[in-house]
Amino acid sequence: MGKYRRHFTVVAVLVVLGTVFMDWLLRTVLYLPPEASTQARIVDGLLRIHIALIAFFFSLIVVFVAYSVIVFRARPGEEGDGDFIHGHTTLEIVWTAVPLVIVIVLGLIGARTLNEMTAPQPNEMVIQVVGRQWSWTFTYPDTGITSSEMVVPVDQPILLKMESPDVIHSFYVAEFRIKQDLVPGRVTEVRFTPTQTGVFLVRCAELCGTAHADMRAPVRVVTQEEYQAWVQEQSAQPADDPVALGQKVAETQGCLACHSIDGTRLVGPTWQGLFGKEEALEDGRTVTVDEAYLYRAIVDPDAEIVAGFPPGVMPQNYGEVLSEEEIQALIEYIKSLQ
Ligand code: CUA
């Protein structure tokens, strides 16, 4: 060891410099969205520890390898073998114990972080979330409001109780650093406290079928006053206008993920100008889009598929999910889109 002291000193200095450089480089090139919740700060704290460790181990390995390759290379005319070293008990104990300690410490920090992220907060506001193929609905039990966008007051601790009627989805908001699966038959929970006003996006983070990529919804973080105003506005909406009710149903039940109202072709036929149209069907027949056809298309979508659209995409359960009144309102809404 003694004759290598100078080499070890040089390598140690290079490892320290490499660690500092790699740590800086990783923090610079890794793009992270803004931290917009209490949970985001907690998660990023954990991430920073991991980045520092990654930088250290990367430098440790690369510096040792590069130093050996360059400094101990075979010079011209050198034909002999290198020193043969067999077994080094101290080294073996060290390289077993050090990673063990690191992994245990990271495990403890991880557990503490998870506890902090999921700890119940005082004055939590509960929002019920339904994620389905392919939309999100947010219901506020305190006020009875149901909406296709989530609106929350800034600095208000939120508890989401989430359900899925069909397949597994995942509630993910990058700026909040939270991600939680929705599992059919269970209620899953996730907590966050937004710390910045602004508009963020829930994205479904679990592949869930044809329109998975469209399964997004806005999350608006607003001031307490703006939130109260929104609650007033939502509560004042007239429920006796069938077209308005139909529009609400379309927004909250996910219809608009697949059916545009402006003529754009999405996963399913557009609703613009649909009523009264002659549609060619996959089986060669032609139908006139009237109330009766729209009704059948909602409750039994695969019976009469419009030519050029694949069967089996539209959920089959709208006859159970929607009330008779909601189906009629939806038809009125589609009729209004001329
Ligand atoms: Cu829901 Cu992907």
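Around the Cα centre of region 140-295, unit charges on the Cβ atoms of Lys, Arg, Asp and Glu (plus for the first two, minus for the last two) sum to a dipole of about 580 debye. Helix 224-235 and the longest principal axis of the C-alpha atoms of the chain enclose an angle of approximately 30°. Over every Cα atom in region 193-338, the radius of gyration and the widest Cα-Cα span, Dmax, amount to 17.5, 57 Å. Kirkwood hydrodynamic radius computed over region 125-235 comes to 14.0 Å, based on all pairs of distinct alpha carbons. Computed from Cα atoms, the angle from the helix 5-29 axis to the main principal axis of the chain rounds to 10 degrees. Working note: Cα atoms of the chain, range along each principal axis, descending, whole Å: 92, 54, 32. Against the chain, whose longest principal axis comes from its Cα atoms, helix 324-336 is set at around 90 degrees.
For the chain, a Gaussian network of Cα nodes joined below 10 Å ranks Val98, Val173, Val154 by mean-square fluctuation, and the top entry is Val98. Place +1 on the Cβ of every Lys and Arg and -1 on the Cβ of every Asp and Glu in the chain, take the dipole about the Cα centre, and give the residue among Leu114, Val187, Cys255 whose Cα lies farthest towards its positive end. In the chain, that residue is Leu114. Sequentially through region 258-264, phi angles give Karplus couplings (6.51, -1.76, 1.60; θ = phi - 60°) of 10, 10, 7, 10, 10, x, 5 Hz, Gly and Pro residues having no value and appearing as x.
Among residues other than Gln232 with Cβ under 15 Å from its Cβ, the summed charge is -4 (Lys and Arg +1, Asp and Glu -1). For Leu266, nonlocal amide neighbours, meaning residues 5 or more places apart or on other chains whose placed amide H falls under 5 Å from its own, are Ser260. Since only Ala213, Val151, Phe64 are under comparison, the one whose Cα sits farthest along the positive direction of the charge dipole of the chain, derived from C-beta charges on Lys, Arg, Asp and Glu, is Phe64. Placing R0 at 45 angstrom, the Cβ-Cβ distance between Thr264 and Asp155 gives a FRET efficiency of 0.70 after rounding to 0.05. In the elastic network of the chain, a GNM with C-alpha springs shorter than 10 Å, the most mobile of Gly209, Gly80, Gly18 is Gly80. Within the chain, what whole-number % of the accessible surface is contributed by carbon and sulfur, with the 1.4 Å probe and all protein chains included in the calculation? On the chain, the fraction of accessible area on carbon and sulfur atoms equals 60 percent. Separation of region 167-221 from region 228-300 is 25 Å, based on Cα centroids.
With θ taken as phi - 60° and the Karplus curve 6.51 cos²θ - 1.76 cosθ + 1.60 applied, the whole-hertz 3J(HN,Hα) list for region 77-89 is x, 7, 10, x, 7, x, 4, 9, 10, 10, x, 7, 4 Hz, x standing for glycine and proline. Largest GNM mean-square fluctuation among Gly276, Gly185, Gly284, using the chain with Cα springs under 10 Å: Gly284. About the centre of its Cα atoms, region 206-338 shows a dipole size close to 400 debye [charges on the beta carbon of Lys, Arg (+1) and Asp, Glu (-1) only; nearest 20 debye]. When the Cα positions of Val321, Pro141, Ser37 are compared along the charge dipole of the chain, Ser37 comes out farthest toward the positive end, with charges on each C-beta of Lys, Arg, Asp and Glu. For region 1-79 versus region 118-162, the inter-centroid distance based on Cα atoms is 43 Å. Counting only DSSP H runs of at least 4 residues, each contributing -39500 (n - 2.57), and dividing by the residue count of the chain, the helix-based mean residue ellipticity at 222 nm comes to -14000 deg cm²/dmol. Amide H contacts of Met314 (H built 1.01 Å from N, in plane; Pro and chain starts excluded): no residue 5 or more places away or on another chain comes under 5 Å. 3J(HN,Hα) couplings calculated from phi for region 137-153 with the Karplus curve 6.51 cos²θ - 1.76 cosθ + 1.60 (θ = phi - 60°) are, in sequence order, 10, 10, 10, 9, x, 5, 10, x, 6, 10, 9, 8, 10, 9, 10, 9, x Hz; Gly and Pro show x.
Rounded to the nearest 20, the Cβ-based charge dipole of the chain about its Cα centre (Lys and Arg +1, Asp and Glu -1) stands at 2200 debye. Close amide H contacts of Ser37 (hydrogens built in the peptide plane, cut-off under 5 Å, sequence separation of 5 or more or a different chain): Thr195. Between Thr139 and Leu201, the simple spin-label model (points 7 angstrom out along Cα→Cβ) gives 2.8 nm.
Does region 65-193 come out rounded, prolate or oblate by the C-alpha gyration tensor, with a ≥ b ≥ c the root eigenvalues, rounded set by a/c under 1.5 and, if not, prolate when a/b is larger than b/c and oblate if not?
Cα axes put region 65-193 in the prolate bin.
Distance between the pseudo-spin-label points of Leu108 and Glu79 (7 Å out from Cα toward the beta carbon): 5.8 nm. For a straight C-alpha distance cut-off of 18 angstrom, the lysines reachable from Lys277 (same-chain residues fewer than eight places away being disregarded) are Lys335. Among 54-60, 246-252, 290-296, the peptide with the highest mean count of other Cβ atoms within 10 Å heads the list, and the full ranking is 246-252, 54-60, 290-296.
The values are calculated or read from the model by the stated rules, or taken from the named source; none is laboratory data. Predicted model, so just to flag it, every value in this text is computed and none were measured. Here the Cβ is made from the backbone with ideal geometry for all residues, glycine too, and neighbour counts use every protein chain on show. Ligands, DNA and RNA are excluded from the accessible area calculation, which covers all protein heavy atoms including side chains. Shrake-Rupley method; radii C 1.70, N 1.55, O 1.52, S 1.80 Å.
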